[in-house]
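I have placed the structure first, in the form of structure tokens, so that the comments after it can refer back to it.
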Amino acid sequence: MPTTRKYRLSLDLRVLDHLGIKLYSNAAAVLSEAVANAWDADAKRVSIDISSDEIVIVDNGVGMDLNAINQRFLSVGYDKRAIEGEESARGRPFMGRKGIGKLALFSIAGVIEVHTSTGDEQNAFKLVTDDIRTVIQKGDDYFPTPIAFSGPKTGTRIVLHELKKKRTGSSVAALRKRIARRFSIIGFKGQRGDTFSVEIDGEPVDAQDREDLRAVEFLWEFGEERIPAASCPELKHRFVLDAQVDPEHPEWVVGGWFGTVDEPKRLKHEVAGPLNGIVVISRGRLIQENILDRLNFSRVLVSYLTGQVVADFLDLPGADDIATSDRQRLVEDDPRYEALVNFLRSKIVSIQDEWTNLRNEARGKQAIDEIPALADWLDTMPHSQRGNARRLLGLIRGIELDEKKDRIDLYRSGMLAFERLRLREEAHRLTEGPRLTAEQLLPLLSDLSTLEGSLYLEIVRVRLDVLREFEALVDANEKEKVLQRHLFDNLWLLDPGWERAAGSERLEQILKKEYKVFDPNLDDRESKGRVDIRYRTNAGQHIIVELKRAGRVMKVSELVEQGTLYATALKKCLKAEGHDHPQVSVVFVVGTPLAEERDNSAIDIDRALGSFNGRVVHYETLIRGARDAYDEYLKAKAKVDRIDAILRKLVRAGAA
């Protein structure tokens with residue numbers, strides 16, 4: 001093998017694969033290694049220019065001479081801190097430690113050019129991934145190819161060719177935002193005029209590129225350093241948290257912050273990617289991608305949380321290196337890591353209740369701004385209860401819903417529930433407190449009456465909505481399905497007076513098994529399967545309701561035969577249960593006119609069914625009658641009370 005070549009790289013192919021090509025999965029992580037190298041080289045500026053076929057990275061650091069190239073840059077596993085110390089010539093704490101960061105470049109590019117100059121010496125060479133593989137498979141060393149120098153006067157220029165599109169497909173805007181979250185030293189201003197800036201396509205990266213800070217509503221900060229208010233345009237409140245991680249280790253302190261947003265979707269940024277997490281920074285750069293996943297905290301707060309924790313004690317001089325090879329995770333059984341996890345979990349637990357109250361208060365104000373009718377409701381509350389009422393509105397406003405109407409419905413239900421609880425508390429005072437005068441008592445009784453009327457109005461309106469939906473169905477078979485699903489549990493459809501009709505599964509089984517009421521020709525299995533006939537009771541009245549098939553044409557004689565059978569068996573059953581003179585009714589719900597109605601027969605149907613107090617109700621008549629009954633109730637309620645007036649405004653707001 002020739003010994004006169006200028007540059008020499010000694011590398012096992014498996015190292016190239018595991019620590020380079022396969023270790024890094026995205027361009028942001030790779031370019032972060034280049035930014036870290038520029039920082040360690042005392043550069044004041046590093047620029048990254050991206051095009052469709054190449055990426056160019058230029059810094060104005062100290063550069064490398066031939067010895068530094070071979071002994072440091074091309075030496076995989078070079079321990080910078082062990083050989084050069086903990087700081088650069090400018091006093092910057094070194095970010096690099098493992099000596100493998102340069103291999104990250106191979107994960108996104110097939111060809112890498114390096115142009116570097118110390119000011120006195122210039123060097124340039126090219127590395128080709130496929131050539132490295134071929135040479136190393138033969139058991140030989142790889143010698144990078146010298147090329148013409150085209151770099152800065154002082155510093156390093158790296159050009160990446162043959163880009164791997166799947167790993168470099170992120171937009172420039174996305175890379176800018178992701179790199180901004182990976183460093184705390186971007187925009188650094190130190191002593192003796194030392195500065196550090198990063199530019200992507202000529203535009204500086206700064207805190208505004210983070211996006212998470214721009215969306216933060218509430219902020220909790222560690223230590224003494226404060227984030228400028230201009231970086232958090234939506235900030236409502238900020239707080240300070242204790243920064244000491246472990247009292248037994250005074251040097252274990254953190255900086256940084258937790259922040260929460262108003263809605264979880266604010267942390268799903270289209271360009272920046274997912275922001276719902278807490279990154280850990282050490283020595284100015286990311287050392288753990290998202291420690292929030294390790295905190296085992298499953299409360300609602302987690303979905304609203306973002307943040308950055310600066311924990312330099314994880315990488316102190318002389319301490320064990322606990323960063324994984326890609327520097328995006330930490331060794332989890334290290335005492336420092338365990339202490340940090342426990343500390344952060346305890347802090348999140350400590351802010352949970354505070355955040356809940358802050359959020360509900362803020363969302364309550366937002367709800368009132370969006371729907372003025374809610375302010376009208378709050379104005380009716382005693383001052384002592386307005387805070388709780390506003391927090392209730394805030395709780396509802398904070399629920400993620402796609403449809404405005406759904407939120408309006410929740411507001412209405414929440415307001416009525418709050419009124420019931422409030423008046424229950426007031427009613428309790430009647431028995432527990434001092435005796436009230438008539439002047440004090442009458443307003444409370446009026447409020448109770450008003451609430452009762454409003455609650456019933458809500459029930460009526462919901463029922464009318466159901467009826468109107470039913471009327472909109474044209475197909476008779478579809479109507480039958482809807483009735484079958486709702487009729488037997490909602491006998492108000494047959495008679496608005498049957499509000500509390502209840503069933504009895506035990507009596508139904510007796511009627512089926514012992515009296516064969518529902519069909520004497522059905523066996524037990526078939527009888528149990530019937531879904532179109534039920535027994536119900538309401539205010540002492542015992543009712544059998546049978547829903548006939550939509551297209552079946554019945555004769556009066558058939559109904560008389562069936563109704564007599566049903567009524568006779570039901571009376572026997574009830575007498576056996578201790579009812580001496582049970583009042584029984586049989587109702588047939590039919591989808592088409594009876595045969596006699598079609599033929600305009602003179603038969604008196606009501607009289608024919610009168611022996612068992614039977615009646616026939618047609619699908620259309622049933623729906624129309626129920627609707628008319630409730631419509632009359634609404635029309636008769638000429639006095640619009642306080643709660644109902646507000647609820648009407650909410651309805652209009654939902655329709656807007």
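The values are calculated or read from the model by the stated rules, or taken from the named source; none is laboratory data. Please read all numbers here as calculations on a predicted model, not as lab measurements. All Cβ positions, glycine included, derive from the backbone under ideal geometry; neighbour counts span all protein chains shown.
Taking the conditions (1) within 30 Å of Ile399 (Cα to Cα); (2) without any contact (Cβ under 8 Å) to a residue 40 or more places away in the chain; (3) outside any helix (DSSP H, G or I) in turn, Gly318 satisfies each one other than (1).
The set of residues in the stretch 41-56 being crowded, with 22+ Cβ neighbours inside 10 Å and within 41 Å of the chain's Cα centre (by Cα) consists of Val46, Ile48, Ile55.
Of all residues assigned to the stretch 592-604, none qualifies as being at pLDDT 80 or above, surrounded by 16 or more Cβ atoms within 10 Å (Cβ to Cβ), of a type in the set (A, V, I, L, M, F, W, C) and in contact with a Ser or Thr (Cβ under 7 Å, 6 or more places away or on another chain). Of the residues making up the stretch 259-289, those that are part of a loop (DSSP other than H, G, I, E, B) and either in contact (Cβ under 8 Å) with a residue 40 or more places away in the chain or surrounded by fewer than 17 Cβ atoms within 10 Å (Cβ to Cβ) (or both) are Val261, Asp262, Glu263, Glu270, Val271, Ala272, Leu275, Arg283, Gly284, Glu289. If you go through the stretch 290-314 and keep only what is of a type in the set (Phe, Trp, Tyr) and either assigned to a loop (DSSP other than H, G, I, E, B) or farther than 30 Å from Glu86 by Cβ (or both), you end up with Phe297, Tyr304. In the stretch 59-111, the qualifying residues are those that are free of Cβ contacts under 8 Å to residues at least 60 places away in the same chain and aromatic (Phe, Trp, Tyr), and the one that is farthest from Ile132 (Cα to Cα) is Tyr78.
Considering the stretch 183-227, the residues that are surrounded by fewer than 19 Cβ atoms within 10 Å (Cβ to Cβ) and hydroxyl-bearing (Ser, Thr, Tyr) include one that is farthest from Glu33 (Cα to Cα), namely Thr195.
For beta carbons closer than 7 Å, sequence separation of 6+ or different chains, a first residue in the stretch 192-212 that is assigned by TED's automatic domain parsing to the domain that holds Leu175 and farther than 23 Å from Pro233 by Cα and a second that is among the aromatic types (Phe, Trp, Tyr) and in a strand (DSSP E or B), the qualifying pairs are Thr195/Phe188; Phe196/Phe188. Among the residues making up the stretch 232-258, those that are farther than 20 Å from Trp355 by Cβ and either of a type in the set (A, V, I, L, M, F, W, C) or surrounded by 13 or more Cβ atoms within 10 Å (Cβ to Cβ) (or both) are Gln244, Val245, Asp246, His249, Trp252, Val253, Gly255.
Can you tell me which residues in the stretch 575-624 are free of Cβ contacts under 8 Å to residues at least 60 places away in the same chain and of a type in the set (S, T, N, Q)? Listed by number, the residues that qualify are Gln583, Ser585, Asn600, Ser601, Ser611, Asn613, Thr621.
With respect to Ile179, determine if the residue is touching a helix residue (DSSP H, G or I) at 6+ places or on another chain (Cβ under 8 Å), part of a strand (DSSP E or B) and crowded, with 20+ Cβ neighbours inside 10 Å. It would help to see each step written out before you state the result.
Details: touching a helix residue (DSSP H, G or I) at 6+ places or on another chain (Cβ under 8 Å): yes; part of a strand (DSSP E or B): no; crowded, with 20+ Cβ neighbours inside 10 Å: yes.
Spelling it out, it is not the case that Ile179 is touching a helix residue (DSSP H, G or I) at 6+ places or on another chain (Cβ under 8 Å), part of a strand (DSSP E or B) and crowded, with 20+ Cβ neighbours inside 10 Å.
Look at the stretch 347-371: where a residue is within 18 Å of Gly307 (Cβ to Cβ) and a partner is of a type in the set (Gly, Ala, Ser) and assigned to a helix (DSSP H, G or I), sitting 6+ places away or on another chain with Cβ atoms under 9 Å, you get Arg359/Gly394.
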